[in-house]
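First up is the structure itself, then whatever we jot down about it.
Read-outs throughout are calculated quantities, based only on the coordinates presented, and are distinct from any laboratory measurement. Note that this is a predicted model, so its numbers are computed, not measured. Using ideal geometry, Cβ is built from the backbone for each residue, glycine included, and neighbour counts are taken over all protein chains shown.
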Amino acid sequence: MSSPSGTTSPSGEGGPSGEARGGRRRQASVPDLVASARAGEPRAVARLVSLVEDESPLLREVGAALAPYTGRARVIGLTGAPGVGKSTSTSALVRAFRDAGRRVGVLAVDPSSPFSGGALLGDRVRMSDHAADPGVFIRSMAARGHLGGLAWSTPQAIRVLDAAGYDVVLVETVGVGQSEVDIAAQADSTVVLLAPGMGDGIQAAKAGILEIGDVYVVNKADRDGAEQVRRDLRSMLALAEREPDAWRAPVLATSARSGAGVVEVVEALEEHHAWLQDTGELARRRERRARAEIEAIALTAMRTAWGGLGGRVELDALAARVAAGECDPYAAADELLAARPGAG
Ligand code: GDP
């Protein structure tokens, strides 16, 4: 019916996606940027996310400046196959959280695209819905980086939004391959979205999404077949049941376009959050997330040092020796580690 393709300017948020294009930028000190971001200045938030996307050398300083202000936001992942209604649902969830008085940051992460800048994942629709609301920040991120990709950059961007005082950070990602598992690892709560008419039952089992959802939502409940998807999913989840005191993921139904059922999703997320807190699982998940982050940063530093442009040549030399049979790969790895990459 209505098409969002009429507009061409991704200007909804004062041009954060334009800033993401790199190029010239007015120099602002990191402490100034962080202070502005914390004061609710969306351009500063956008700039900081751009620094993450660009893998800026300033990130070390940014990370240090943000750290004292992080740990407050609730991170909610939302994933599902293309077309199930992620953008529409994100927008509806944002509205519901706003109605509850929360500030909301959205990161729309597309693991399949090396491009960023506004047009991804229904960005324009979402932006136009919330453009005038200073309590909402929306940003697309793409696997543009050369180093650790989105597994590396998404947690850093989450930190930016967390420190900037967004109560809820929604991370929306296309469910393809590994990405939904990655997103589940980065979120406190993961919403898995399905819809009728997409062969979801089989897809669900295949993609392993039965493992990752804390809340399942069958969207497009206004369409035929939604109730069937719900039943199928429920019976599959019942088969996969875990320990008695484990969280039992509800299977809800929404019609994101009209907003029907969205409040129930928010309520289920509140319940899940309370469960996370009561059981200590929240701290465990966040520590797991921090561990993955540290590893990603350390591995990125190692890769840069070993194979980086104009960097050290140990890896090339070792590779030649291993390929020639002069050295075994274990011994080569030992040598590489002994070279203490990144030590200066
Ligand atoms: P995404 O690719 O997962 O982000 O999906 P979108 O949010 O872009 O939605 C894909 C299509 O489904 C769009 O045409 C939406 O208008 C439509 N859609 C989203 N939610 C609903 C819904 O609740 N009911 C119906 N009938 N269509 C919906």
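For the pair segment 54-82 and segment 261-308, the centres of their Cα atoms are 11 angstrom apart. For segment 220-230, the Karplus equation 6.51 cos²θ - 1.76 cosθ + 1.60, evaluated at θ = phi - 60°, returns couplings of 6, 5, 6, 9, 4, x, 5, 5, 5, 4, 4 Hz by residue, with Gly and Pro reported as x. Database remark: amide H of residue 195 closer than 5 angstrom to the amide H of 219 (H placed geometrically; neighbours at sequence offset of 5 or more, or on other chains; Pro and chain starts carry no H).
Each residue of segment 38-55 was assigned a 3J(HN,Hα) from its phi angle through the Karplus expression (A = 6.51, B = -1.76, C = 1.60, θ = phi - 60°), giving 6, 7, x, 8, x, 5, 5, 4, 4, 4, 5, 5, 4, 4, 5, 4, 7, 6 Hz with x at Gly and Pro.
The phi-based Karplus calculation (6.51 cos²θ - 1.76 cosθ + 1.60; θ = phi - 60°) puts the 3J(HN,Hα) values of segment 152-162 at 8, 7, 4, x, 5, 5, 4, 4, 4, 5, 4 Hz, whole numbers, x for Gly and Pro. Amide H contacts under 5 Å for residue 169: 74, 75, 76, 105, restricted to partners 5 or more places along the chain or on a different chain, H placed in the peptide plane at 1.01 Å from N.
Taking a sphere under 10 Å around the Cβ of residue 95 and counting the other residues whose Cβ falls inside, with K and R at +1 and D and E at -1, yields a net charge of -2. Taking only the alpha carbons of segment 225-296, we obtain Rg and Dmax values of 15.6, 44 Å in that order. Listed peptides 216-223, 296-303, 157-164 appear in the order 157-164, 216-223, 296-303 once ranked by packing, highest mean of other Cβ atoms within 10 Å at the front. The amide H of residue 260, built 1.01 Å from its N in the peptide plane, has 255 as neighbours under 5 Å, considering only residues 5 or more places off or on other chains.
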